[in-house]
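The next block holds one structure in the form of structure tokens; read it before the comments.
The values are calculated or read from the model by the stated rules, or taken from the named source; none is laboratory data. Note that the coordinates shown come from a computational prediction; the quantities given were computed from them, not determined experimentally. No Cβ is skipped: glycine too gets one built from the backbone with ideal geometry, and neighbour counts run over all protein chains shown.
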Amino acid sequence: MFGTIFDYNKPKGYGFITLDSDRRVFFHISNYNGESIPSRGMRVEFDLAESKTPGKPDMAVRIISAEGSFGGRQ
């Protein structure tokens, strides 16, 4: 799947990715494999895992690549 990092909270180590369909998913830095710090506007490729807990958001896992236009890798 492809999306864009919508927000990233560096002190807490998590953020949200907006999918091309405008849906947002949660991600944690422990699943991030990019070479630079995640930042708003970076395009990423990732896998999506459904939440195992009802009411919790789906989560992006194994972020494969990051290409950015707002401070990310070009």
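The set of residues from region 65-74 being surrounded by 14 or more Cβ atoms within 10 Å (Cβ to Cβ) and either modelled with pLDDT of 75 or more or part of a loop (DSSP other than H, G, I, E, B) (or both) comprises GLY68, GLY72.
Within region 1-43, the set of residues being without any contact (Cβ under 8 Å) to a residue 12 or more places away in the chain and either aliphatic (A, V, I, L, M) or crowded, with 16+ Cβ neighbours inside 10 Å (or both) comprises PHE16 only.
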